[in-house]
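Report on the structure given below.
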Amino acid sequence: HKQAAIVYDTQQDERWYIFPDSNSNARSVLCVPFLYSGEVLAVLTMLHPEPNHFTDYHLRLMTIVANQATVAVRNAQLFNQMLQQQQQLETILHAIPDYLFVLDQQGKIMLLNDSSAHLLNGGASSGVIGQPLTGFVHVDGMFNSIVTALEKPLQNGQTWSFETRSERQRRDYLATVSAWQHPATDMSGHMIILRDITTMRDLNRFKDEMLKMASHDLRSPLALIVGYCSLIALDTPEESATHEYLDAIQRATERMQGLLDDLLRVEQIRKSP
């Protein structure tokens, strides 16, 4: 019933059941539940070999003790839950391959993952936590653009993405800067994620080179075909059916030239800001 109870005599009280194999000599019992938000967390049971040993005084005293113990037990549960959540967060951070930095209002590093610690301090985060990110600009030049981005005012939840390059590593990164704010306090800051996009940038550069080669190497033979078609047309009688063939070749060549022009035009539009 979620209430404390006294069994004055176990041999007379029907609430107390004695198992056949029990070797307990208890004659009086005091039971006090540990209650939190209406739920029973535990039960404290005290036994005594003499009947009528426990009184209402013991009941009130142990109820006070149980209330205090309930708070301690609940705090211990919350502490364990917090430790588990912290361990889960650390596990997730360690598994993230991207560089991750969490900064406070002053731009000091509050949290970072293993990849970021290795980048800034060779793997040791102890000498990085609490230091301003501006103090590591000399480590890699790409932090210059990131520090400049932090000067841009951002509201909570807003993000700003841009590309940056590390000449030290010869790698390209997509930097994402977002603002954060604790809902219950005035704490705020920025979170920075650096994602390696070197492979994608290399593919884009390869694609650009292929487009340049295609526009140059294909235009020359197309122009040659058009030129020879014109020469053949001059040496061919007007009534010859060859003119129809030459017209078909020239129309197909013009369509191919138009496709090349459209392809290059689309690429220029895509690259324009």
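The values are calculated or read from the model by the stated rules, or taken from the named source; none is laboratory data. Keep in mind that this is a model prediction, so the values were computed, not measured. FYI the Cβ positions are ideal-geometry reconstructions off the backbone, even for glycines, and counts take in every protein chain you see. Just so you know, the surface numbers come from the protein's heavy atoms only, side chains and all, with ligands and any DNA or RNA stripped out. Shrake-Rupley method; radii C 1.70, N 1.55, O 1.52, S 1.80 Å.
Brief remarks on what is shown
- Tally of residues being under 30 Å from Ala248 (Cβ atoms) and in contact with a Ser or Thr (Cβ under 9 Å, 6 or more places away or on another chain) across the stretch 175-222: 1
- Considering residues of the stretch 193-203 that are open to solvent by less than 70 Å² (accessible area, probe 1.4 Å) and in contact with a Leu (Cβ under 7 Å, 6 or more places away or on another chain) only, the residue nearest to Ser161 (Cα to Cα): Ile193
- A search for C-beta distances below 6 Å between a residue of the stretch 88-107 that is of a type in the set (Phe, Trp, Tyr) and any residue that is part of a helix (DSSP H, G or I), counting only pairs 6+ apart in sequence or on different chains, returns Tyr99/Ser115; Tyr99/Ser116; Phe101/Ser116.
- When we screen Ala214, Ala179 for residues that are open to solvent by less than 60 Å² (accessible area, probe 1.4 Å) and part of a strand (DSSP E or B), the only hit is Ala179.
- Of residues in the stretch 251-273 being small (Gly, Ala, Ser) and part of a helix (DSSP H, G or I), the one modelled with the highest pLDDT: Ala252
- Strands (runs of 3 or more DSSP E) contained in the stretch 1-109 and holding at least 1 residues among the polar types (S, T, N, Q) and at pLDDT 90 or above: 28-36, 39-48
- Close Cβ contacts (under 6 Å, 6 or more residues apart or on different chains) running from residues in the stretch 37-62 that are within 20 Å of Gln11 (Cα to Cα) to residues that are open to solvent by 70 Å² or more (accessible area, probe 1.4 Å) and not in a strand (DSSP E or B) comprise Pro49/Asn25; Asn52/Tyr8.
- Scan of the stretch 232-250 for residues that are surrounded by 10 or more Cβ atoms within 10 Å (Cβ to Cβ) and assigned to a helix (DSSP H, G or I), ordered by number: Ile232, Ala233, Thr242, His243, Tyr245, Leu246, Asp247, Ala248, Ile249, Gln250
- Scope the stretch 204-256; condition closer than 30 Å to Glu163 by Cβ and either β-branched (Val, Ile, Thr) or in contact (Cβ under 8 Å) with a residue 12 or more places away in the chain (or both); matching residues: Asp208, Leu211, Ala214, Ser215
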